[in-house]
1. Could you grab me the full set of residues in the stretch 66-80 that are crowded, with 19+ Cβ neighbours inside 10 Å and under 10 Å from the mean Cα position of the chain (by Cα)?
2. Output the residue which, of all residues in the stretch 177-196 that are crowded, with 19+ Cβ neighbours inside 10 Å and within 19 Å of the chain's Cα centre (by Cα), is nearest to residue 103 (Cα to Cα).
3. Sort through 47, 82 and tell me the only one that's more than 30 Å from residue 147 (Cα to Cα), modelled with pLDDT of 95 or more and outside any helix (DSSP H, G or I).
4. Any residue in the stretch 38-63 that is without any contact (Cβ under 8 Å) to a residue 12 or more places away in the chain sitting within a Cβ distance under 7 Å of a residue that is assigned to a helix (DSSP H, G or I) and surrounded by 19 or more Cβ atoms within 10 Å (Cβ to Cβ)? List the pairs, counting only those 6 or more apart or interchain.
5. Filter the stretch 1-34 down to the residues that are within 13 Å of residue 60 (Cα to Cα) and without any contact (Cβ under 8 Å) to a residue 12 or more places away in the chain and list them by number.
6. Those residues that are surrounded by fewer than 14 Cβ atoms within 10 Å (Cβ to Cβ) and either touching a residue at least 40 places away in the same chain (Cβ under 8 Å) or closer than 22 Å to residue 90 by Cβ (or both), I need them from the stretch 165-176; list them, please.
7. Sort through 118, 142 and tell me the only one that's in contact (Cβ under 8 Å) with a residue 12 or more places away in the chain and not assigned by TED's automatic domain parsing to the domain that holds residue 28.
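The values are calculated or read from the model by the stated rules, or taken from the named source; none is laboratory data. No experiment lies behind these values; they were computed from the predicted model shown. Don't worry about glycine lacking a Cβ; one is built from the backbone with ideal geometry, like all the others, and counts go over all protein chains shown.
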């Protein structure tokens, strides 16, 4: 039997990595980070335990990759649902709502992710391939919106979105989505009714209308 072509092997590796990341996101979302072992992840993915360590050097790095992949898929799907003639304001509003919405839909997963990034003893923010794919997507939205420095502006948007996610998820002191979204939309000059508004008008005033940018 002739050996498999390199392209076939690469595709098998890609699928195995994706199965591991998907299994990680599903298990941590259900039972938390501490309650999920690498053996659990391997079993859930239907793969040998050794493959998990072969593809990922540690559980905290695996979780980061898994969450970044889920966020990228969620954002890409949200943007794909927009009409072809959606304005650049509509696309940026959609992106902000998609990330905040993901955090609210998967609070346990996002809390674990953010806690590991902020823990100086166990984690750090790693720009892995999954994070880079998410970054490229957000940079494209910012570039279309008029950014002349999309990489730098992406870093600011990423920090703002992470802050917003922490705000809505802070255990025991959660901030409602409405003021967090209103603040982000105001920073980028976005009309409240764009995207998926959580209410008919922004906090503290009447509905604001802004002509969307094309």
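1. Pass one, the stretch 66-80, residues crowded, with 19+ Cβ neighbours inside 10 Å: 66-72, 75, 78.
Within the stretch 66-80, 66, 67, 68, 69, 70, 71, 72, 75 qualify.
2. By that ranking, first place goes to 177.
3. Details: 82 fails: more than 30 Å from residue 147 (Cα to Cα).
Residue meeting the stated conditions: 47.
4. Pairs that qualify, where the first residue is without any contact (Cβ under 8 Å) to a residue 12 or more places away in the chain and the partner is assigned to a helix (DSSP H, G or I) and surrounded by 19 or more Cβ atoms within 10 Å (Cβ to Cβ), are 48/42; 49/42.
5. 34
6. Result: 171, single match.
7. On the way: 118 fails: in contact (Cβ under 8 Å) with a residue 12 or more places away in the chain.
From the options 118, 142, the qualifying one is 142.
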